[in-house]
Structure formats: C-alpha cells, structure tokens
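Before any comments, here is the structure.
Laboratory data are not the source of any read-out in this text; all were calculated from the coordinates shown. Worth saying up front: this structure is predicted, and the values here are computed from it rather than measured. All Cβ positions, glycine included, derive from the backbone under ideal geometry; neighbour counts span all protein chains shown.
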Amino acid sequence: MINQILELLIGSVIELYTMIVLLRLMMQLARADFYNPISQFVVKATDPLLKPLRRFIPGLWGIDMPSVVLALLVQIVGLFVMMLLKGSISTSPMLYLLLGMFGVINIGLKIAFFAIIIVIVVNWIAPQSYNPAVSLLRQISDPIMAPFRKIIPPMGGLDFSPMLAMFVIHVLRSIVLPNIFLAIGG
C-alpha cells in the first residue's frame, strides 16, 4: 500500500513537472505573453534545470530544444524511478527513451486538449473577461486551432473547429500513439 501511494505521488509530480516544461515550450512556440503571472511562474519553475541545458543544447528551427530534452529527461527519470519501485528495472536504454518520448507526446496532447476545452467553456460563460490563465490558454490554443479553422471556418458566429481539433487530438492519444507503440514493439 505504501508503494502504491509512493508510485502515485511520484507519478503525479513527474507528470506535473513535465506539463510545466511543455507549457513553457508551447508558450515560446505561440509567442505568449511572458509578463503574464502564470508565465512568470512557469519560467521560474523551469529555469533552474533549463539554464544548464542551454549551455550545451542549442535551439533548432525555432524550437527550444533544451525544453524538449528536459521534458524527455524528466519522463525517463520518472520511468526509471517507477520501475525501481516496482522492482522491474529494464537494462534497455531504448525502452526508456521510447516510453519517455511517448509520455512527452501524450502529455503535450493532453495540454492541448484541455486548453481547447477550457477556452471553449470560458468563451461560452464569460467571453469578454480577462483572466491571466484564460489569456495564456487562448494564446497557446490559437496556433493549435489555426489549421482547423482553415478547414472549418466560423459559420454564423459559431466556431465548430474546436470539435474537429479535439477529435483529432483524441484519435492521436487513444488510437495512433498506442498503435505506433505496439508496432515498434512496446
């Protein structure tokens, strides 16, 4: 029972920190407002581990590669600790790398999915309100929604593109990623 509680606690901390790192990456890709109080928290929470990585890992094609590497490292360390707690350590570094990559992609898709849902709900309830969290989520979800808005433009004041975006994200998380993982040999 203690092991289960410890696994839950460690798994939650690993997923939360990976979310924060990926949120920083998404904020940079979306050119979000870094003066937003939530953005400031994300920067302060990730800087201690990102600054050393920035000395060795450059950005690539406008993508903050140190953030990608940090998210992957957090997932790999988390997987190793979880396997250690279960008593089933693997000696295959490729297994950890593969599971870490799938974990990072899954968490990134989860962030995108919930950002879209929250923005939709807030737009229904209080479309003109300003909240730092909602503002940040709008800035993050707009680049994700842009390709879907080209496919389904707003009709009569209603935007149906979020439904298509959420459907695609759901298909990626529940069908595509697991099938790729199984095909690779997971």
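Tabulated results
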| quantity | calculated |
| --- | --- |
| Net lengthening on full extension, R55/M1 (0.36 nm per residue, minus Cα-Cα) | 15.2 nm |
| Relative contact order of region 69-186, defined on C-alpha pairs under 8 angstrom at six or more residues apart (%) | 23 |
| Residue of L60, L29, L164 that the Gaussian network model of the chain assigns the largest fluctuation, springs spanning Cα pairs under 10 Å | L60 |
| Simple label model, 7 Å out from Cα along Cβ direction - F80 to M155, nm | 5.3 |
| Computed label-point distance, nm, for sites H170 and W124 using a 7 Å Cα→Cβ extension | 1.4 |
| Degrees separating the helix 93-125 axis from the principal Cα axis of the chain, which is the longest one | 20 |
| Reach of K86 by Cα under 28 Å, taken over lysines that are not fewer than 8 positions away in the same chain | K110 |
| Candidate values (1) 22.2, 81; (2) 37.3, 126; (3) 18.2, 58, label of the one derived for Rg and Dmax of the Cα atoms in Å | (3) |
| Calculated FRET value between A30 and F181, using beta carbons and R₀ = 35 Å, to 0.05 | 0.80 |
| Helical contribution to [θ] at 222 nm, DSSP H n ≥ 4, -39,500 (n - 2.57), averaged over the chain, rounded to 500 | -26500 deg cm²/dmol |
